[in-house]
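Single-structure report; data block below.
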Amino acid sequence: MTVYVDALVNYGLRGKSAQVRRVFARGSCHLFTDSLDLTELHAVAARIGMRRAWFQTDGDLPHYDLNDVRRAAAVAAGAVEVDKRKTVECIRLHRAAKRRAP
């Protein structure tokens, strides 16, 4: 299994709290995996100081949101930088697994 980070993007922070604007001022990205077993994803997240409560499962791709500092730490911890194509591949994998789940 591999843990990935996608590109750092500024999604706009209008309407967000002051804390969110401060943390993600330079953009955000996602820490995710190409596996349905999320053990290694959570392990990498813990190594870079992420709280399990920050894990997001509400969309098609289980992930952690990272700021620029945490993204650099994730890459240093072994996460692989990927492009949109690989990100979409992982989204499709997780979406298909959700459809199969009872």
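Points worth noting:
- Across region 10-31, not a single residue is classified as more than 17 Å from Ala77 (Cα to Cα), surrounded by fewer than 17 Cβ atoms within 10 Å (Cβ to Cβ), in contact with a helix residue (DSSP H, G or I) (Cβ under 6 Å, 6 or more places away or on another chain) and modelled with pLDDT of 85 or more.
- Qualifying residue in region 81-92 (condition: crowded, with 16+ Cβ neighbours inside 10 Å, in contact with a Cys (Cβ under 9 Å, 6 or more places away or on another chain) and not charged (D, E, K, R)): yes
- Selection from region 8-67 of residues that are acidic (Asp, Glu), under 15 Å from Val80 (Cα atoms) and either assigned to a loop (DSSP other than H, G, I, E, B) or in contact with a Lys or Arg (Cβ under 9 Å, 6 or more places away or on another chain) (or both): Asp34
- Residues satisfying the stated conditions in region 68-88, i.e. in a loop (DSSP other than H, G, I, E, B) and among the small types (Gly, Ala, Ser): Ala77, Gly78, Ala79
- Within region 43-102, considering residues that are touching a residue at least 40 places away in the same chain (Cβ under 8 Å) and basic (Lys, Arg), the one nearest to Gly27 (Cα to Cα): Arg71
- Any chance Arg71 is at pLDDT 95 or above and exposed (fewer than 12 other Cβ atoms within 10 Å of the Cβ): no
The values are calculated or read from the model by the stated rules, or taken from the named source; none is laboratory data. Quick caveat, the model's predicted, so the values are computed rather than measured. For neighbour counting, all protein chains shown are included, and Cβ atoms are generated from backbone atoms with ideal geometry for every residue, glycine included.
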